[in-house]
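The values are calculated or read from the model by the stated rules, or taken from the named source; none is laboratory data. Since the structure is predicted, the reported quantities are computational estimates derived from the model, not experimental observations. Reconstructed Cβ throughout: ideal geometry from the backbone, glycine too, with neighbour counts over all protein chains shown. Areas reflect the complete protein model, heavy atoms only, side chains present, ligands, DNA and RNA absent. Shrake-Rupley method; radii C 1.70, N 1.55, O 1.52, S 1.80 Å.
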Amino acid sequence: MFRNSLLFGGLIAILCLSGCSNANELPGYNAKVKHSSADFYKNDLMDSILNERIYNATSVAEVSDAARLLYRVDEMNAEQRRNLNYSMWRAQYNAVTEVHMHTDKGGLSYTLPFPAFKGGTQSAPIPNVKDTNTLVYTFNHPFIYTSLVVDNHPYEQSAQYLGKPYNELKQGYVRSALQEKWSHMNQDQFDISSIDGSTFKGERVINGRWSTMKTKGDPTFVANDISFALNNEPDTQYVLTLMVREDGERGIGKRGIEDIIANYIVPNITSLERLNKDSHFESFNNYNYRVLNDAVEEASGNEHIKIYKDPTGISQMIEVYPVEHKGEIWANLVDIVTISEAQLKTRKNMRSGSHTYIWNDGVPGVLVTFEYEDGISEWRFSTQDAHNLYIHTIYYKYDANRKSLPALAGIASDAKISNLGDTYKGEVDFL
């Protein structure tokens, strides 16, 4: 049911431009928690169910190859091995997710305050438009289902347009128009009478709106979506949908999703164009990555590696290795080891570590960050296609005299892979 509901959630995203009186705030908006940490949105019930699931799975699982590389597992008893398994699996969920969607003018970046390492790209028909499909990108947590649709048209020509200019939308008109559209669709999952919504304004967005729709039956799921364009890209409409169980038993519920959208996702929406101030794209074996504008390439002595250094001491290393992908999981062993090192603090002289799941145009990867006692920071981004593993690592040593830094995490993780074909079509499991 989740899979079908999520695909219909994409259709909701395409269709539902709700609005009333151009309200400035989203439901759940709270100025006191705006831009708050992802930890603010943790849900005890959801974590408890997730912890139990992971414990049950790891209690009967063999110790992983990653664990054997990091620990002397042969010297551990059964309980110690089980606890190690649990710690390493659980650590994979201690992350947020960043989505990058590239366009000719830059593109969109936003963050989800939860791990979403399962997803993919699916094609869905645009209702009432003959022989026309759109791509629905999905990024899913075990209990929270999200999707993104990109509509490359001006607002008045997009699927979100309902016959009136944006500033003239009224709630009653929009509700009746949407109900009329859905009444002609061949579906029996969603309750058309539950449609609600309004317009909103944001610091970096225009044409903003939110809308909701509920499924029929028990349990009930709620699809919350927002539609908007970036200030610098008025001719591209983005539609982001989150779907959860309304009762919150295995999700965070309608109220929790409203809070996440209003106080975390929307404030974190940015244009990828911002990275152009300090960096530009270069290519290496189908891998398109960002290099600091003042960086100079240096000889690496290895055909698989490129090295760049800028005058302020920031160094970048690009690695491309031939690796034939096999199996359902896209993360490689080194990714899993590196995530565990960051989360469990196993590296020497390490002060802190974290990781973020990255989706570049529907392609999964992981950014792992390390900070060391000597002031060195390291950002390691890894992604791959069916034939190559791509790694971008940035090193920087803290300088007290330096007033500001480029957005090094974004520069490391923002990437495009050429000639992907159908590599990531359908369902994708990064871990």
List the aspartates and glutamates whose alpha-carbon lies under 14 Å from that of residue 216, not counting same-chain residues fewer than 8 positions away?
188, 191, 246, 247
Using only the alpha-carbon atoms of the stretch 74-126, report the extent along each of the three principal axes, biggest first, to the nearest angstrom.
55, 25, 19
Once you have a ≥ b ≥ c as the square roots of the Cα gyration tensor eigenvalues for the stretch 269-317, tell me rounded if a/c is under 1.5, and otherwise prolate or oblate according to whether a/b is larger than b/c.
oblate
Determine the shape class of the stretch 385-431: with a ≥ b ≥ c the square roots of the Cα gyration tensor eigenvalues, call it rounded for a/c under 1.5, and otherwise prolate if a/b is greater than b/c, oblate otherwise.
prolate
Assuming 1.567 mPa s and 4 °C, estimate D for the chain with Stokes-Einstein, Rh taken as the Kirkwood radius over Cα pairs, in µm²/s.
57 µm²/s
So what are the three principal axis dimensions of the stretch 299-370 from its Cα atoms, in whole Å, longest to shortest?
41, 32, 24
Considering only C-alpha atoms, what is the centroid distance from the stretch 47-102 to the stretch 333-364, in Å?
13 Å
Magnitude of the Cβ-charge dipole (Lys and Arg +1, Asp and Glu -1) of the stretch 23-177 about the Cα centre, nearest 20 debye, reported as 280 debye
Kirkwood Rh in Å, taken over all unlike Cα pairs in the stretch 89-200:
16.9 Å
Label-reachable residues, the stretch 369-399, where backbone N falls under 12 Å from a point 7 Å from residue 419's Cα toward its Cβ
386-388
For the stretch 137-228, give the magnitude of the charge dipole about the Cα centre (Cβ charges: +1 Lys/Arg, -1 Asp/Glu; no others), in debye to the nearest 20.
180 debye
Taking a straight Cα-to-Cα line shorter than 20 Å from residue 403, and setting aside same-chain lysines fewer than 8 residues away, one finds 277, 309
Leading residue at positive end of dipole, the stretch 57-167 (Cβ point charges), from 124, 77, 134:
77
Would you work out what percent of the accessible area of the chain, with all protein chains in place, is carbon or sulfur (probe 1.4 Å)?
46 percent
From the helices alone, meaning DSSP H stretches of at least four residues, give me the mean residue ellipticity at 222 nm for the chain, per-run term -39500 (n - 2.57), in deg cm²/dmol to the nearest 500.
-6000 deg cm²/dmol
About the Cα centre, and with charges only on the beta carbon of Lys, Arg (+1) and Asp, Glu (-1), how big is the dipole of the stretch 364-428? Nearest 20 debye, please.
240 debye
Rounded to the nearest whole number, the Stokes-Einstein translational diffusion coefficient of the stretch 341-406 at 20 °C and 1.002 mPa s (Kirkwood radius, C-alpha pairs) in µm²/s is 161 µm²/s
List the lysines whose Cα lies under 20 Å from the Cα of residue 345, skipping any in the same chain that are fewer than 8 positions away.
397
Extension length gain for residue 42 and residue 427 (0.36 nm per residue less Cα distance), in nm, is 136.0 nm
The stretch 353-431: GluC sites (Glu not before Pro) falling in loop per DSSP and having at most 10 other Cβ within 10 Å:
373
Skip the ligands, DNA and RNA, and give the accessible area per residue of the chain with a 1.4 Å probe, whole Å².
45 Å²
Can you tell me the relative contact order of the chain? Whole percent, Cα pairs under 8 Å, sequence separation 6 or more.
19 percent
